[in-house]
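Read through the structure below, which is laid out as structure tokens, and then see the notes.
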Amino acid sequence: MNRLARRWPLALAAALSWLAVAAALADTLTEVRSRGELRYGNDAEGGAPYIFHDPAQPEQLRGFEVEFADALAAKLGVKARFVQNNWDMLLPALGDPEKFDLVIAALERTPENQTKVALSRPYFAFGQQLVVRRTTTNVTTLADLRGRRVGVLSASASHRLAESAGTEARVYQDNVNYFSDLEVGRLDAVLTDSPIAAENLKSRPQLRMAGEPFEPGHYAVALRPGDTNLLAAVNGAITALTLDGTLQRIYERYGLWNAGQETLAAWQPPADAGPAKRRTAWTEWRTYLPLLLRASVTTLWVTCAGMVLAVVWGLCLALLRLYGVAPLRWLAIAYIEVFRGTPLLLQIYFIYFGLAQQLGLKLSAGLAAVLSLGLNYAANEAENYRAGIQAVPKGQSEAALALGMSQWLALRRVILPQGLRISLPSVTNDFIAMFKDSSIVSVIALVELTKEYQIRALDTGDYLGLGAMTAGIYFAISYVASLGAGWLERRLHRDRR
Amino acid sequence: MIVVERLTKSFGDRRVLRGVDLTQARGETVVFIGPSGCGKSTFLRCLNQLETHDSGRITIGDLTLEGGRTVSREQQRELRLRAGMVFQQFHLFLHQTAVENVMEGPLHVLGKPRAEAEAIARDLLSKVGLAGHSDHLPSQLSGGQQQRVAIARALAMKPEVLLLDEPTSALDPELRDEVRQVLNQLADEGLTMLLVTHDMQLARQIADRVVFLDGGVIAEQGTPAEVFGAPRQARTREFLERVH
């Protein structure tokens with residue numbers, strides 16, 4: 001074998017690694033220019049005045065961020081293209097160059113965000129605004145709300161401020177539902193970015209602003225950390241847009257131009273405090289593990305209470321379906337089909353928000369979670385019981401009746417004890433399924449395990465480590481529950497020995 | 001005393017019983033034989049109201065049930081308290097031990113105290129030779145043992161008549177004898193029994209009277225010696241030749 005032949009694998013490896021390095025260095029700015037398109041990530045659910053669908057032309061996107069993106073792209077000599085992405089996941093998604101080049105989505109210029117991505121100079125200035133009901137008195141600052149319920153957006157500056165001021169912060173995934181909850185009295189106040197407050201109060205006459213905006217902050221464009229050329233170009237474009245009055249014209253159209261925006265031109269980056277240390281699940285497990293474990297207690301009690309409701313109500317439904325008189329039987333069938341045939345998420349929204357708005361029935365988040373899970377799973381349990389009861393041989397009920405038992409006594413003494421044992425494995429499976437499904441109740445501001453994970457992952461950006469930790473807790477509890485279920489089945493199935 | 005008058009029963013278009021009359025004295029053991037589908041099991045199930053009769057009259061002791069729609073659940077229950085039932089497939093309550101099966105009726109239907117119900121049950125289990133198996137579950141008992149528990153369960157209600165639907169048919173031949181012996185003993189003690197069976201050996205052993213049912217009507221009846229020894233009807237002879 002000659003020397004060249006022996007060396008060619010080495011040569012190939014060298015060529016491949018050169019290709020890999022070249023690909024990594026490929027400049028996003030160059031790509032944007034050759035493509036003629038700047039792709040930016042945002043969430044169209046952000047709402048007015050940021051980004052929203054024009055009510056007159058639902059295909060058309062409007063909002064000051066849309067117009068800012070168009071102006072920014074124009075300065076770079078290209079067209080802007082909007083890419084839809086869930087707001088919570090915008091920064092993780094930025095890691096994938098296939099999706100978009102940068103993020104323009106009311107992202108705050110905070111030290112936390114700077115550890116995760118590269119941030120441009122600010123394109124918008126805002127403050128924190130307190131919102132209360134018109135009937136509320138004696139609230140002008142956050143300090144007046146110590147120990148009271150304040151709605152905030154998950155992982156926002158408002159969230160941190162509300163927590164450090166000692167209020168009871170209720171965390172939401174969007175900028176709309178906390179206003180509804182404030183109106184119906186589930187919250188004492190909302191703390192939010194000033195543009196959001198201004199926009200939402202237009203359509204909510206029962207609410208008013210309390211005090212002046214405070215804690216000024218900035219929105220910035222987020223880029224991948226390596227894209228230094230694109231960052232420089234974006235910063236240059238923003239400076240130009242600020243100086244030539246383009247930004248002012250855009251913001252004035254939305255009634256957002258104010259003294260704060262006038263400081264943008266003079267903005268200087270704060271003195272570099274050195275790279276902030278990235279927090280991860282493993283370096284700070286002493287902080288995060290107890291937080292997650294505490295949240296798992298909420299998950300557990302919601303599941304247990306929900307299951308008790310599902311088991312009891314499900315049995316009533318099964319008996320009505322099998323033995324009830326005609327109208328009750330139909331009602332039971334209709335209930336089962338409707339609750340099995342519609343999404344649990346929809347039922348949660350209906351019970352928590354719908355009942356409060358239409359009937360004034362203001363359930364707490366915990367009670368609404370237990371009710372939603374219980375009422376939904378009751379339909380499944382009813383069908384489990386029905387299958388179990390119908391699997392009891394017909395001879396069993398004949399033998400019971402032949403002894404002179406009434407229908408009810410035969411059911412109670414002979415049919416149910418056997419039928420419920422047959423359905424037991426399905427019921428214990430459902431318990432474990434509900435334990436995992438309970439993560440859905442995070443949408444109604446109940447901080448259970450999945451919600452706690454979302455909050456902390458957004459804080460740190462450590463989706464993987466915290467995710468593994470959270471999954472570990474879910475798995476450990478499910479596994480213990482399934483061991484317990486096996487033990488229970490063995491004990492109760494003595495007639496199957 | 002059982003009196004059945006002009007009993008009829010149809011399933012849809014199929015007329016299974018076309019007017020059956022029977023008078024059975026206290027202490028008498030009557031055995032119904034006949035080809036499959038002749039209506040003998042349906043007849044027995046009507047006596048216990050597991051099937052409701054279309055017309056005719058059933059009297060057991062002081063209770064009379066007229067056929068048709070007028071029979072209430074309460075009347076059916078009253079009749080069942082007078083007529084205990086033993087099934088071909090035993091139908092023991094699978095989640096209960098032998099003694100619990102036998103106690104179930106006295107305890108929950110008759111409302112007797114637990115101690116008394118248990119005493120009745122243990123007594124009856126030893127009578128059918130299963131004193132040592134009281135705490136076994138049905139799945140731990142052989143077919144013959146299960147059928148003897150089922151007989152004890154029916155007797156615990158102190159019925160006026162014991163109805164038995166093919167009590168030995170589901171059993172392996174070597175297990176049939178233990179059930180035959182128990183039934184023989186009960187017949188000797190003067191229990192009123194009405195059996196449906198294909199087991200001719202059992203019929204010969206315990207019947208005071210044999211009834212041959214064919215096509216939903218009684219074709220012939222008499223003592224075992226008369227029916228088995230000298231059948232008068234041609235179809236009785238044919239049937240007996242086929243089962244022997």
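In the calculated pair distance distribution of segment B:41-163, what percentage of Cα-Cα distances lie above 17 Å? Percent of Cα pairs beyond 17 Å in segment B:41-163: 57. Subtracting the Cα-Cα distance of residue A:331 and residue A:480 from 0.36 nm times their residue separation leaves 49.9 nm of extension gain.
For the residue pairs A:99/A:362; B:40/B:127; A:394/A:436; B:40/B:112, the alpha carbons lie more than 32 Å apart in A:99/A:362; A:394/A:436; B:40/B:112. Derived scalar couplings between HN and Hα for segment B:65-70 equal 10, 7, x, x, 8, 7 Hz in order, rounded to whole Hz, by the Karplus curve 6.51 cos²θ - 1.76 cosθ + 1.60 (θ = phi - 60°), x for Gly and Pro.
Here the 3J(HN,Hα) profile of segment A:325-338, calculated from phi with Karplus coefficients 6.51, -1.76 and 1.60 at θ = phi - 60°, is 6, 3, x, 5, 4, 4, 4, 4, 4, 4, 4, 4, 5, 5 Hz, Gly and Pro shown as x.
Which distance in nm do the two modelled labels at residue A:268 and residue A:408 give, with both placed 7 Å along the Cα-to-Cβ direction? For the pair residue A:268/residue A:408, the computed spacing is 8.7 nm.
So if R0 is 41 Å, what FRET efficiency would residue B:75 and residue B:235 give, r being the distance between their Cβ atoms, rounded to the nearest 0.05? Approximately 0.70, to the nearest 0.05. Once the Kirkwood radius over Cα pairs is known for segment A:125-216, the Stokes-Einstein relation at 4 °C and 1.567 mPa s delivers a diffusion coefficient of 103 µm²/s.
The C-alpha radius of gyration of segment B:10-54, expressed as a fraction of 2.2 N^0.38 Å, stands at 1.23. Between the Cα long axis of helix A:228-243 and the first principal axis of chain A there is an angle of about 70°, rounded to the nearest 10. Each Lys and Arg Cβ is given +1 and each Asp and Glu Cβ -1; about its Cα centre, chain B then shows a dipole of about 520 debye. For chain A, adding -39500 (n - 2.57) for each run of n ≥ 4 DSSP H residues and dividing by the number of residues yields -17500 deg cm²/dmol at 222 nm. For chain A, treating each Cα as an identical point scatterer without solvent, what Debye log10 I(q)/I(0) comes out at q = 0.06 1/Å? Values, matching the q order: -0.41. Each residue of segment A:123-133 was assigned a 3J(HN,Hα) from its phi angle through the Karplus curve 6.51 cos²θ - 1.76 cosθ + 1.60 (θ = phi - 60°); the sequence is 10, 7, 10, 9, x, 8, 10, 8, 10, 9, 6 Hz, with glycine and proline shown as x. Since only A:487, A:393, A:439 are under comparison, the one whose Cα sits farthest along the positive direction of the charge dipole of segment A:356-497, derived from C-beta charges on Lys, Arg, Asp and Glu, is A:393. Only Cα pairs under 8 Å and 6+ residues apart enter the sum, and on that basis the relative contact order of chain A stands at 15 percent. In this calculation the C-beta distance from residue A:284 to residue A:168 is compared with R0 = 22 Å, giving a FRET efficiency of 0.35. According to the square roots a ≥ b ≥ c of the eigenvalues of the Cα gyration tensor, what is the shape class of chain B, taking rounded for a/c under 1.5, prolate for a/b larger than b/c otherwise, and oblate for the remainder? The shape class here is oblate. Legend: mean number of C-beta atoms from other chains within 10 angstrom of residue C-beta atoms, peptide A:392-400, equals 5.
Helix B:173-188 axis versus longest C-alpha principal axis of chain B: approximately 90°, rounded to the nearest ten.
Look at B:125, A:403 and count the other Cβ atoms within 10 Å of each Cβ; fewest to most, that gives B:125, A:403. Choose one of B:206, A:242, A:269: the residue whose Cα lies farthest towards the positive end of the charge dipole of the protein assembly as shown (beta-carbon charges +1 Lys, Arg; -1 Asp, Glu; about the Cα centre). So the residue furthest toward the plus end is B:206.
Amide H to amide H distances under 5 Å link residue B:29 with B:193, B:208, B:209, where only residues 5 or more positions off or on other chains count and H is placed in the peptide plane. Taking amide H as placed 1.01 Å from N in the peptide plane, the amide H of residue A:170 sits under 5 Å from that of A:150, A:151, A:152, each at least 5 places away or on another chain. Arranged from fewest to most other beta-carbon atoms within 10 Å of their beta carbon, A:296, A:203, B:169 become A:203, B:169, A:296. Amide H contacts for residue B:214 (H built 1.01 Å from N in the peptide plane; partners 5 or more residues away or on another chain; cut-off under 5 Å): B:219. Both radii come from the Cα set of segment A:285-496: Rg as radius of gyration, Rh as Kirkwood radius; their ratio Rg/Rh reads 1.06. Placing a pseudo-label 7 Å from each Cα along the Cα-to-Cβ vector at residue B:188 and residue A:31 gives an inter-label distance of 10.0 nm.
Taking the C-alpha atoms only, the angle from helix B:143-155 to the longest principal axis of chain B is near 90 degrees. Note on chain A: with charges restricted to the Cβ of Lys and Arg (+1) and Asp and Glu (-1), its dipole about the Cα centre is near 1820 debye.
Find how many whole Å separate the alpha carbon centroid of segment A:377-434 from the alpha carbon centroid of segment A:42-106. Computed from Cα coordinates, the inter-centre distance equals 56 Å.
The numbers here are math on the coordinates, done by the rules we state, and not lab data. Computed from a predicted structure; not experimentally measured. Positions of Cβ are backbone-derived with ideal geometry, glycine not excepted, and every protein chain shown enters the neighbour counts.
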